Amino acid sequence: MHPEHSGGGIGRALFRRSELNPILSADQWPYPVNAVFNAGAVRLQSGETLLLARVEDMRGLSHLCAARSDDGLTNWRIDPAPTLVPKPASHPEEIWGIEDPRITFMPELEEYAVVFTAYSRSGPGVSLALTSDFDTFERKGMIQPPEDKDAALFPRRFGGRWALIHRPSAVGRPADIWLSFSPDLKHWGDFQTVMQARHGAWWDANKIGISVPPIETPEGWLVLYHGVKVTAAGSLYRVGLALLALDDPRRVLLRGDEWVFGPAEPYEKAGDVADVVFPCGSTVADDGDTLRLYYGAADTCICVATASLKGVIEWLKEHGRPPSHGALGGGLAGG
């Protein structure tokens with residue numbers, strides 16, 4: 001077992017950072033890049049871990065590139081060229097790059113859904129591509145227009161419809177977590193807010209968004225989400241927890257008041273964007289309990305932290321509260 005450490009913060013009892021961090025960075029890439037971060041993650045049928053990393057080139061534009069590892073920590077085999085690149089000629093919404101992928105295996109389709117941010121002239125929107133091998137991709141195009149991002153699919157239908165969790169936003173308005181539904185992964189509707197950003201001085205005031213795709217557990221869909229606290233020195237990106245009902249993800253069962261994972265180590269506190277931990281992917285080991293959280297650190301490199309899935313759920317049961325539509329600035333867990 002590789003040694004791991006907690007690195008401080010409220011989440012030190014839940015998430016333990018690998019001493020191998022950062023596990024991937026620009027100097028390991030087979031071609032010149034500025035930064036490697038915010039990777040979607042999946043365990044393949046072979047047992048190996050695949051990360052689909054956001055890679056920022058020297059122009060400042062991003063593409064996606066796959067890295068594979070037998071143990072999910074070391075000896076990464078990185079694609080020698082970009083795996084998924086922007087195609088603005090056929091997809092003008094990708095004119096300024098593609099970013100922050102979240103990967104969900106869809107058993108009904110026998111394919112992986114890659115939901116990512118397409119950076120258009122009008123701002124970020126949500127795009128979708130399907131793949132069975134992370135070599136060839138079927139682009140479905142933009143499924144949520146700007147401004148919208150931080151999106152992931154649930155792996156199965158609800159009442160015959162696919163569900164997308166995402167984060168639309170408007171200038172001057174709080175950015176909340178929403179759900180929308182589709183019969184065919186193309187036409188989306190029935191939009192509704194699932195979780196609201198709190199107000200005031202809270203760690204998750206004014207802007208929240210999904211981190212990794214929802215994780216199915218016997219107790220419900222575990223949601224790890226990021227919150228942004230704006231300070232005099234800049235923005236702090238940290239991670240909190242919520243639980244959605246298994247049969248209806250529109251129902252929030254529990255939401256924690258405290259953040260559980262935040263920037264503490266030097267590689268998280270200094271980089272292209274300081275004080276950021278930003279998970280986009282996770283995996284669960286064969287034991288059904290070992291949760292690995294893959295996150296971008298300071299928009300510069302990729303790191304990993306490990307937790308017990310059971311321990312995370314127990315923490316949420318102890319520290320979380322049912323939703324309330326009261327005053328979010330008063331500390332109620334808005335749903």
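Within the stretch 233-245, the set of residues being under 16 Å from P322 (Cβ atoms) and either over 16 Å from the mean Cα position of the chain (by Cα) or free of Cβ contacts under 8 Å to residues at least 60 places away in the same chain (or both) comprises G240, L244, A245. Here the condition is being under 14 Å from the mean Cα position of the chain (by Cα) and more than 18 Å from R102 (Cα to Cα); of F278, F261, it holds for F261 alone. Checked against the criterion of being at pLDDT below 95 and among the aliphatic types (A, V, I, L, M), the candidates A13, A67, A81, A41 yield just one match: A13.
Within the stretch 257-280, the set of residues being in contact with a Leu (Cβ under 7 Å, 6 or more places away or on another chain) and surrounded by fewer than 22 Cβ atoms within 10 Å (Cβ to Cβ) comprises just one member, D275.
Selection of the stretch 233-257 for residues being under 22 Å from D275 (Cβ atoms) and either outside any strand (DSSP E or B) or among the aromatic types (F, W, Y) (or both) yields A233, Y237, D257. Residues in the stretch 173-188 that are of a type in the set (S, T, Y) and either farther than 20 Å from A129 by Cβ or surrounded by 19 or more Cβ atoms within 10 Å (Cβ to Cβ) (or both): S180 only. Within the option set V115, V212, being in contact with a Pro (Cβ under 6 Å, 6 or more places away or on another chain), surrounded by 15 or more Cβ atoms within 10 Å (Cβ to Cβ), closer than 20 Å to L84 by Cα and touching a residue at least 12 places away in the same chain (Cβ under 8 Å) holds for one residue only, V212. In the stretch 57-65, is there at least one residue being more than 24 Å from D272 (Cα to Cα), of a type outside the set (A, V, I, L, M, F, W, C) and in contact with a strand residue (DSSP E or B) (Cβ under 9 Å, 6 or more places away or on another chain)? Scanning the stretch 57-65 turns up no residue that is more than 24 Å from D272 (Cα to Cα), of a type outside the set (A, V, I, L, M, F, W, C) and in contact with a strand residue (DSSP E or B) (Cβ under 9 Å, 6 or more places away or on another chain). A Cβ distance below 7 Å, combined with a sequence gap of six or more or placement on separate chains, defines the contacts here; from the stretch 168-188, residues that are among the β-branched types (V, I, T) reach residues that are surrounded by 10 or more Cβ atoms within 10 Å (Cβ to Cβ) and part of a strand (DSSP E or B) in the pairs I177/I165; I177/R167; I177/V194; I177/M195; I177/I208; I177/G209; I177/I210; I177/Y225. For the stretch 94-110, indicate whether the set of residues that are over 25 Å from E216 (Cβ atoms), surrounded by fewer than 21 Cβ atoms within 10 Å (Cβ to Cβ) and touching a residue at least 40 places away in the same chain (Cβ under 8 Å) is non-empty. So far as the stretch 94-110 goes, no, none of its residues is over 25 Å from E216 (Cβ atoms), surrounded by fewer than 21 Cβ atoms within 10 Å (Cβ to Cβ) and touching a residue at least 40 places away in the same chain (Cβ under 8 Å). Which one is surrounded by the fewest Cβ atoms within 10 Å (Cβ to Cβ), of the residues in the stretch 215-227 that are of a type in the set (V, I, T) and farther than 23 Å from S169 by Cβ? Selected residue: T217.
Considering G288, G296, the condition of being under 25 Å from A113 (Cβ atoms) and surrounded by 23 or more Cβ atoms within 10 Å (Cβ to Cβ) is satisfied by G296 alone. Filtering the stretch 205-232 to residues that are assigned to a strand (DSSP E or B), of a type outside the set (S, T, Y) and over 13 Å from the mean Cα position of the chain (by Cα) leaves A205, K207, E216, G220, W221, V228, K229, V230.
Summed over the stretch 178-202, the residues that are more than 18 Å from S324 (Cβ to Cβ), assigned to a loop (DSSP other than H, G, I, E, B) and modelled with pLDDT of 95 or more give a count of 6. If you filter the stretch 151-177 down to residues that are in a strand (DSSP E or B) and of a type in the set (A, V, I, L, M), you find that the one that is modelled with the lowest pLDDT is A175. Report yes if V230 is buried (at least 16 other Cβ atoms within 10 Å of the Cβ) and either of a type in the set (V, I, T) or modelled with pLDDT under 95 (or both), otherwise no. In short, no. Looking for something more than 26 Å from V260 (Cα to Cα) and surrounded by 19 or more Cβ atoms within 10 Å (Cβ to Cβ) - is there at least one such residue anywhere in the stretch 197-204? No, the stretch 197-204 has no match at all.
The values are calculated or read from the model by the stated rules, or taken from the named source; none is laboratory data. The model shown is predicted, which means the values in this text are computed figures rather than measured ones. Every residue, glycine as well, gets a Cβ built from its backbone with ideal geometry; the counts of neighbours run over all protein chains shown.
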